[in-house]
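Engineer: Before I ask anything, here is the structure I am working with.
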Amino acid sequence: MPSLTEARAGASAAAPMLLGVIPFGLVAGAAPVSHGFSGWSAVGLSTLVFAGASQLAIVDVLSHGGSAVVAILAAWTINLRMVLYSASLAPYLGHESTRRRLGAAYLLVDQVYALSITRWAGDERADRRLSFYAGAGLLLWTTWVTSTIVGTLLGSALADALPLDFAVPLVFLVLLVPVLVDRPAVVAAVCGGVAAVVAAEAGAGPLSTIVGAVAGIAGGTLVDARRPQSLDQ
Amino acid sequence: MTPIWPVIVVAGAGTYAMRASFLAIAHRMATVPPGVARMLRQIPPAALAAIILPALVRPEGHLDLAQPRLLAGALAALVAWRTRNVGATLIVGMGALVLLQHL
């Protein structure tokens, strides 16, 4: 049963995230335009790809003379973590219809994932999970597309004025802190971060994020499996 | 320059397929074995840290610990930990970075 209250709760939880989403969206709009692509292509990226870091990667590859294949592979690699998010959310939404789950998949981004998984872990009411998710997701989507459009109008003047790209890791920091609740989670974060840096230094490029994520999951799972069962409760 | 629209469509379709992957078959995985659940729990910290740390320690594409982003990020992490507030974290992090860059 869709719950308007829960949708509103999702939107409220996502609202503070907009402080990071808006600057990032402005950059996502300004970057293609300042590299000679049309404003429409920026809007196309924000609606069809809807994943900021990969949108910037596509523009970067193409504007430096890279081929379409390289641009596509770069984007896919950066977005591989969506498979992990999808796997992590799926057990919570098994009761929903396929149509709704496929609709929800379109709105799956880092912030919606992190907010929902935290909310659902402490809420037994399965029927209203998707409402929270949709409330957060639709607010983020609307803001993302709107700020992209504004970004295409402002162009590169904006990108030069402020280190807006720094808003991205900062927003993720706020998402990371609340999930560091036990030793396995801390180990997963440390392994994930260090492995990503090592992979990047070794020349893994956009693949380094997924290398880090996999290493972090392995490290956290190993530590978790060694804990006494009683601590799991 | 390579036309961008085919790239947008193919990159977008692939990204959607990744988002839909497990959600599409969720009705068949309602009960998750404890071992898998344990693994899934590690995804948020692992994935988020893998995005954050490289942005803080290699902003120019090579490891560099003596630059303002690491210090500004550490300060922002402290604020995120104490307040859990995105606005405060962004203001302190961005403010510290702009300040440090102009020192």
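Engineer: Given the condition surrounded by fewer than 17 Cβ atoms within 10 Å (Cβ to Cβ), of a type outside the set (Ser, Thr, Tyr), more than 7 Å from chain B (Cβ to nearest Cβ) and closer than 24 Å to residue B:8 by Cβ, answer yes or no: does some residue in segment A:88-96 qualify? Even if it seems obvious, please write down each step before you answer.
Structural biologist: Of all residues in segment A:88-96, those surrounded by fewer than 17 Cβ atoms within 10 Å (Cβ to Cβ) come to A:95.
From what's left, of a type outside the set (Ser, Thr, Tyr): A:95.
Right, trim to more than 7 Å from chain B (Cβ to nearest Cβ) and you get A:95.
Narrowing the set further to residues that are closer than 24 Å to residue B:8 by Cβ leaves none.
No, because not a single residue in segment A:88-96 is surrounded by fewer than 17 Cβ atoms within 10 Å (Cβ to Cβ), of a type outside the set (Ser, Thr, Tyr), more than 7 Å from chain B (Cβ to nearest Cβ) and closer than 24 Å to residue B:8 by Cβ.
Engineer: Go through the residues of segment A:1-23 one by one and say whether even a single one is part of a helix (DSSP H, G or I), modelled with pLDDT under 90 and more than 22 Å from residue A:108 (Cβ to Cβ).
Structural biologist: No, every residue in segment A:1-23 fails to be part of a helix (DSSP H, G or I), modelled with pLDDT under 90 and more than 22 Å from residue A:108 (Cβ to Cβ).
Engineer: Of the numbered conditions (1) surrounded by 15 or more Cβ atoms within 10 Å (Cβ to Cβ); (2) more than 20 Å from the chain's Cα centre (by Cα); (3) modelled with pLDDT under 90, residue B:34 satisfies every one except a single condition; which is it?
Structural biologist: (1)
Engineer: How many of the residues in segment B:1-25 are closer than 15 Å to residue A:42 by Cβ and β-branched (Val, Ile, Thr)?
Structural biologist: 4
Engineer: Hey, another quick one. Given the conditions (1) touching a His at 6+ places or on another chain (Cβ under 8 Å); (2) within 26 Å of residue A:206 (Cα to Cα), report the number of the one that residue A:111 does not fulfil.
Structural biologist: Status for residue A:111: all satisfied but (1).
Engineer: Residues of segment B:60-82 being facing chain A (nearest Cβ under 9 Å) and at pLDDT below 90, which ones?
Structural biologist: Across segment B:60-82, the qualifying residue is only B:61.
Engineer: Considering only residues that are free of Cβ contacts under 8 Å to residues at least 24 places away in the same chain, within 21 Å of residue A:177 (Cα to Cα) and within 19 Å of the chain's Cα centre (by Cα), which ones fall in segment B:60-82?
Structural biologist: Restricting attention to segment B:60-82, the residues satisfying the condition of being free of Cβ contacts under 8 Å to residues at least 24 places away in the same chain are B:60-67, B:70, B:73-82.
Add one more test, that the residue is within 21 Å of residue A:177 (Cα to Cα), and what stays is B:70, B:73-82.
Scanning segment B:60-82 gives B:70, B:73, B:74, B:75, B:76, B:77, B:78, B:79, B:80, B:81.
Engineer: How about segment A:179-212: which of its residues are buried (at least 21 other Cβ atoms within 10 Å of the Cβ) and either over 16 Å from residue B:48 (Cα atoms) or among the charged types (D, E, K, R) (or both)?
Structural biologist: Residues satisfying the conditions do not exist here.
Engineer: Then there's this: Give, as residue ranges, the helices (runs of 4 or more DSSP H) completely inside segment A:116-223 that count at least 1 residues that are more than 10 Å from chain B (Cβ to nearest Cβ). Break it down stepwise before answering.
Structural biologist: On the way: elements: A:129-154, A:156-161, A:167-176, A:183-201.
Ranges flagged: A:129-154, A:156-161, A:183-201.
Engineer: Within segment A:104-111, does at least one residue satisfy the condition of being buried (at least 19 other Cβ atoms within 10 Å of the Cβ), in contact with a helix residue (DSSP H, G or I) (Cβ under 8 Å, 6 or more places away or on another chain), among the hydrophobic types (A, V, I, L, M, F, W, C) and within 24 Å of residue A:181 (Cα to Cα)?
Structural biologist: Yes, segment A:104-111 contains a residue that is buried (at least 19 other Cβ atoms within 10 Å of the Cβ), in contact with a helix residue (DSSP H, G or I) (Cβ under 8 Å, 6 or more places away or on another chain), among the hydrophobic types (A, V, I, L, M, F, W, C) and within 24 Å of residue A:181 (Cα to Cα).
Engineer: Identify all residues within segment A:64-84 that are in a helix (DSSP H, G or I) and facing another protein chain (nearest Cβ under 7 Å); write none if there are none.
Structural biologist: A:68, A:71, A:72, A:75, A:76, A:79, A:81, A:82, A:83, A:84
Engineer: Which condition from (1) within 7 Å of another protein chain (Cβ to nearest Cβ); (2) over 23 Å from residue B:48 (Cβ atoms); (3) of a type in the set (Phe, Trp, Tyr) is the one that residue A:40 breaks?
Structural biologist: Of everything listed in (1) within 7 Å of another protein chain (Cβ to nearest Cβ); (2) over 23 Å from residue B:48 (Cβ atoms); (3) of a type in the set (Phe, Trp, Tyr), residue A:40 misses just condition (1).
Engineer: Could you say whether any residue in segment B:41-55 is polar (S, T, N, Q), facing chain A (nearest Cβ under 7 Å) and closer than 30 Å to residue A:120 by Cβ?
Structural biologist: First, pick out the residues of segment B:41-55 that are polar (S, T, N, Q): B:42.
Then keep just the ones that are facing chain A (nearest Cβ under 7 Å); that gives B:42.
With closer than 30 Å to residue A:120 by Cβ added as a condition, the list becomes B:42.
Yes - at least one qualifying residue is present in segment B:41-55.
The values are calculated or read from the model by the stated rules, or taken from the named source; none is laboratory data. What you see is a predicted model; the values in this text were computed from it and never measured. Quick reminder, even Gly has a Cβ in these numbers, built from the backbone with ideal geometry, and neighbours come from all protein chains shown.
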